[in-house]
Each structure stands twice: as structure tokens, then as C-alpha cells.
1. List the pairs from K42/K196; K196/K262; K115/K196; K108/K174 whose alpha-carbon separation is above 20 Å, in the order I gave them.
2. To the nearest 20 Debye, how big is the dipole of the range 236-326 about its Cα centre, given +1 on the beta carbon of each Lys and Arg and -1 on that of each Asp and Glu?
3. Leaving out same-chain residues fewer than 8 places away, which aspartates and glutamates sit with a Cα under 20 Å from that of K192?
4. Can you give me the P(r) profile for the range 7-372? Cα pairs, bins 20 angstrom wide beginning at 0, each as a whole percent.
5. Please report, in debye to the nearest 20, how large the charge dipole of the range 7-372 is about its Cα centre when each Lys and Arg carries +1 at its beta carbon and each Asp and Glu carries -1 there.
6. If you scale each eigenvalue of the Cα gyration tensor by 5 and take the root, what three semi-axes come out for the range 138-228, rounded to whole angstrom and sorted largest first?
7. Under 16 Å between alpha carbons, and skipping anything fewer than 8 positions from K229 in its own chain: which aspartates and glutamates qualify?
8. Of V136, L77, Q66, which is farthest on the positive side of the dipole of the chain, counting Cα position, with +1 on Lys and Arg Cβ, -1 on Asp and Glu Cβ, and the Cα centre as origin?
Amino acid sequence: MKVQSFRRIAAGAAIALAAIGTSFAAYQWSSGPKALSVGDGKSGPLNMVWIPGGEFIMGSNHRLAQPNEGPAHKVKLSGYWIDRYDVTNAEFARFVAATGYVTTAERKPRWEELKVQLPPGTPKPDDSLLVPGALVFQGTDAPVPLNDYSRWWKFVPGANWRHPTGPDGTIAGKENHPVVQVSYEDAQAYSKWAHKRLLTEAEWEYAARGGLEQSDFAWGTEFAPGGKKMANTWDDASRPFPVTAVSNANEKVQVGTSSVGKYAPNGYGLYDMAGNVWQWTADWYRADAFRMQAASAQVVRDPAGPRESYDPDLGPVSYAPVRVTRGGSFLCSETYCQSYRTSARRGTDPMNGMSHLGFRLAMDEDAWRREAGH
């Protein structure tokens, strides 16, 4: 699918109201997985998994891979701790209670931040139309062309992390679901409070692979091994994406997040590294980032990502700021985006709030030692 800024939808609403194609692919454990070390708050940060440093092949040349996923290239990383689960509603609520933080979706949008995602010359909407809110998946009543996602996304005033689907929505009973409707800025604010950090894109992919070298999925080579569903993704067998109507326009199938840890973990004991919600990473997004990394023909060590964004799919705003998001969500399907694959990547406006976008965090060993007073 084309990678575009979903803020265009928000702005519009405001204004208008080989079978394996890589020689590296072996589908085998690259060096493990090594024995898990899960933090208990004493020997390591609570509910974080230690990912040993190592070398892996990042990206993919597979027939399913999009151009922005290649070429496959070698990367070497230092070890790091990573959250075993996505940050949940309950955890984010504790952060807000402790700090009084107000998320971007709860603030009135600033035209200065919005216009950089829009074509030059786009007129400023009336100030009364710039209201707090976020993008919410709506679904459709019948199959539609999949080249225009404004058909199934809508900017909803009043949507935010407490009300992911709009003012009438709630997270009551979903305390253990991943928090959504959080922007990159919100994730950064939480990470500072938690004394952690966002993962680099390379760290995210290394962890997601769980020790498997060049496997398409976090769990192996088959999407549904033995017919078993491995992640919270769209069920193509029930209805084509993005149809949610059952028998008439007044009846809708409810799709959305599931509780963290519902599906089996990968080889590193990490949950939901595919499906459920997209996850923010620290890197700026460039569609050609992997080509740039692979150009040296040497092993890339601890890459921190490009210095600026570049997404040609955005046309006149190809250099608009976008950050890398990874992992896919409950909206990904075999017939649509397949972004639950370990190498799949996209760029997202850092001020975005969306009903399928969350995050998890990392921590360096020296940061943990300082935190623990060692």
C-alpha cells in the first residue's frame, strides 16, 4: 500500500469538516534464540527482556517485500532491554495521573504543525474547525477500492487515548489492551517518565525476528501454521477488508485491539511484535534508508536511522517529517497490507493519533544499572 500521511485525512476533515528472493534467506535460528533473561525489577527492569547483541540480516528481498524493505543487509547491534508487551492503557493512565500530561489528540491542532504535511498553498481552515481529536477506523458497508483510505478512516473530534473511537468510546475493561491514539511526541513523553527510550528501527526488527533469520513472520515461515492464528490481524475469511457491515448499514462487526499477550510470543518471549497495533520507533523514515545502509557493503553497526525524512509517495511534501512505525495492526490482512511481516515498514506523521497505533520501549544496560543504583 502507498505510505501517506494520515493527517491529510484529518486536514481534509478540518477544512471541509525466490519463493524467497534473498541469498541470505535460510529460515533458521541465526544464533539462538538464547536463553531468555526477563527482568523482575531486581536483576533487570520489570517485564523487559534482554536482547543479546548480535548480527542479523535486516530488511528483505522476498517477493512479498515492498521496495522500502530492501535490499537485505547486515546489521550488528549491541544488547538492550525491550518491553515484553506494548505499553497498556493502565500503564499510560498511571503516567498521566503522575504527570498531568495532555496528549496531542487532546489539544487543539496547531496549523504550523499541520500544514507541513499538506501541499504548499493549502489554505488554513477556519480556526473553529481545528478541534482536538484523532483518526478512527470506521469500516465500510461494502467492498471499496483499496487505493483511498479516507473511505475507512475518519477524523473524529473528541477521540483520544481515553476514548479511542470517539467521545462515546471507552477503555473501561480494556486496561490490559495496548494504549492507542498516542503520537510520537506522546510516546517520547512517556519514555522520559519511565526512564526508557523508543527502539531504533534496527533494534525493533532484530527483536521482532526472535532469532529467526529472514523469516517472513515473527513466528516462522507460515502465516497461520496448522491453521492457527498467530496475531491479531484482519480475518479475510470472514469479510473482505475494510467491510464491517453484517447485514445492513446499522449493524457493524467490532474490530480493534486485543489484550497484550493474547497470542503466543516469538523466540525472544516478546508479545505482539506483529499485529494488534503499529509501534512507534525512534527513526526518521526514509523510503530509501535500507539502500543507503547497504551501499557501503559493510556491516552496519547500531544504526540510528537517517537524519531526515524522505517519502516520495507524499509527492509535493516528500520531505515532510515522518517517523518509522512497525509491526502492522488488527487492520492488516493477507489481501491488503501484510504489514505484520517482520521487515514491513512505513512512515507516520509524528503528531498523529490513530486507533491502531501504540508503542513499546527499550532500555540500555547502563541506564538500568543507574536506575537500580548499581
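Read-outs throughout are calculated quantities, based only on the coordinates presented, and are distinct from any laboratory measurement. On a predicted model such as this, the values are computed, not experimentally measured, just so you know. Cβ placement follows ideal geometry from the backbone for every residue including glycine, while neighbour counts extend to all protein chains displayed.
1. Checking Cα-Cα distances, K196/K262; K115/K196; K108/K174 exceed 20 Å.
2. So the magnitude is around 120 debye.
3. D83, D86, E91, E106, E201, E203, D283, D364, E365, D366, E371
4. Using 20 Å bins, I get a P(r) of 29, 60, 10 for the range 7-372.
5. About 220 debye.
6. One finds semi-axes of 28, 24, 14 Å for the range 138-228.
7. D216, D272, E334
8. L77
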